[in-house]
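S.K.: Here it is: the structure, laid out below.
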Amino acid sequence: MELKLGDVQTTALIPLAVKASETMRKKPRIKDPKAVEIIRTLNIDTKQYDKFMSHEGVVARTIMLDRQLKAIIRKAPDTVVVNVGAGFDDRFRRMDNGKISWFDLDLPDAIAARRKAFPERERVTMIAGNALEESWCAQVSEALVGRSSKPVFIAEGLFMYLTLDEIRTFLEILKRNFPNGGTLIAEQNGKFMQKNEKHHDTVKNTNAHFRSGTDSAQEIADLTDGIRLTEEHSFNEEMRKYSLRAKLFALLLPKMNDRWATFTW
């Protein structure tokens, strides 16, 4: 499979490499056989994308988001989920209950690569589009017809590559096109890491740049009226369970790690 990805889209190789190597461990904390298959097909050297802190961070964020999303789906089995900036993520496989509808949204080059890796699946739609433009919303709105549950939008590894103005645009698109409400679960990074991106153990090996950061996700909620921050959890909460190094990182550099933040409107 030949890859032609933009600078930011190339960062999708980081979680892909981590999920593949973790899956192949004797006691994997997460299992993603599709990631293993894609990495083997690409036949690329993943060392630059799979360093200790990024590895532990991706594992932690995957466990945390999977847990939260499964809880939502248990309460609302017909949930419509939109994976914004999907990359090579295969979360649908882990979440599928036979009733959910799922959309994988990403830029055209990323979706073109994704289509080579993923077969067409029932209740899964791939959309080539820009999250900052409204053209993708109609397909999701159509899927919501007749459902009582509100849509869930997940943004993993996305907001740090957007400016705060672009994030505001995205939030306003959600409010305008889904006026009956919804939930957004978005990864946040800190201002310190934004300023010190050259020290990030894997992103520094790409041409991508962090374009925003927050000390609290309330800064995101404050970007536009009607967005409420309901919870925020540092990846440290999960990472520190598995190694002394991660425990020390959480203790000494608590604001360095990314967080999951949940917003509603």
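S.K.: Please enumerate the residues belonging to the stretch 77-112 that are assigned to a loop (DSSP other than H, G, I, E, B) and touching a Ser or Thr at 6+ places or on another chain (Cβ under 7 Å). Give the steps one after another, and end with the answer.
M.R.: First, pick out the residues of the stretch 77-112 that are assigned to a loop (DSSP other than H, G, I, E, B): 77-79, 85-90, 96-100, 107.
Those that are assigned to a loop (DSSP other than H, G, I, E, B) and touching a Ser or Thr at 6+ places or on another chain (Cβ under 7 Å): D78, T79, I100.
S.K.: Cβ contacts < 6 Å: first residue hydrophobic (A, V, I, L, M, F, W, C), restricted to the stretch 246-265; second residue part of a loop (DSSP other than H, G, I, E, B) and open to solvent by less than 70 Å² (accessible area, probe 1.4 Å), any location; separation 6+ or different chain. Result?
M.R.: Here the result reads A261/A217; F263/I227; W265/G181; W265/G226; W265/I227, each pair linking the stretch 246-265 to a residue that is part of a loop (DSSP other than H, G, I, E, B) and open to solvent by less than 70 Å² (accessible area, probe 1.4 Å).
S.K.: OK, next. Condition first: farther than 15 Å from H55 by Cα and among the small types (G, A, S). Now tell me which residues in the stretch 233-249 satisfy that.
M.R.: S234
S.K.: Now a separate question. Determine if the stretch 109-131 includes at least one residue that is under 16 Å from the mean Cα position of the chain (by Cα) and open to solvent by 30 Å² or more (accessible area, probe 1.4 Å).
M.R.: Taking every residue of the stretch 109-131 in turn, at least one turns out to be under 16 Å from the mean Cα position of the chain (by Cα) and open to solvent by 30 Å² or more (accessible area, probe 1.4 Å).
S.K.: Among the residues of the stretch 123-133, are any in contact (Cβ under 8 Å) with a residue 12 or more places away in the chain, charged (D, E, K, R) and under 19 Å from N189 (Cβ atoms)?
M.R.: no
S.K.: With the checklist (1) over 19 Å from E238 (Cα atoms); (2) of a type outside the set (D, E, K, R); (3) open to solvent by less than 40 Å² (accessible area, probe 1.4 Å) in hand, flag the one item P77 doesn't pass.
M.R.: All conditions pass for P77, except number (3).
S.K.: Another question, if that's okay. Taking the condition of being more than 16 Å from F170 (Cα to Cα), hydrophobic (A, V, I, L, M, F, W, C) and either open to solvent by 20 Å² or more (accessible area, probe 1.4 Å) or part of a helix (DSSP H, G or I) (or both), how many residues in the stretch 216-265 meet it?
M.R.: Here the count works out to 10.
S.K.: Output the residues belonging to the stretch 28-44 that are within 13 Å of V59 (Cα to Cα) and out of contact with any helix residue (DSSP H, G or I) (no Cβ under 8 Å at 6 or more places or on another chain).
M.R.: Hits for the stretch 28-44: nothing passes.
S.K.: Touching a Phe, Trp or Tyr at 6+ places or on another chain (Cβ under 9 Å) and of a type in the set (K, R) - does that describe any residue in the stretch 83-91? Don't jump to the end; show me each part of the working.
M.R.: Filtering the stretch 83-91 for residues touching a Phe, Trp or Tyr at 6+ places or on another chain (Cβ under 9 Å) gives 83-86, 88, 90-91.
Okay, now just the ones that are also of a type in the set (K, R), so 91.
Among the residues of the stretch 83-91, at least one is touching a Phe, Trp or Tyr at 6+ places or on another chain (Cβ under 9 Å) and of a type in the set (K, R), which makes the answer yes.
S.K.: Look through A112, A76 and report the one residue that is among the small types (G, A, S), at pLDDT below 95 and out of contact with any helix residue (DSSP H, G or I) (no Cβ under 9 Å at 6 or more places or on another chain). Walk me through it before giving the result.
M.R.: Numbers: A76 fails: at pLDDT below 95.
From the options A112, A76, the qualifying one is A112.
S.K.: At pLDDT 85 or above and surrounded by 19 or more Cβ atoms within 10 Å (Cβ to Cβ): which single residue out of A186, A208 fits that description?
M.R.: Working: A208 fails: at pLDDT 85 or above.
Going through A186, A208 in turn, the sole match is A186.
The values are calculated or read from the model by the stated rules, or taken from the named source; none is laboratory data. Everything numeric here is computed off the predicted structure, so don't read it as measured data. Heads up, the Cβs are rebuilt from the backbone with ideal geometry, glycines too, and the neighbour counts pull from every protein chain shown. Note: areas computed on protein heavy atoms with side chains; ligands, DNA, RNA excluded. Shrake-Rupley method; radii C 1.70, N 1.55, O 1.52, S 1.80 Å.
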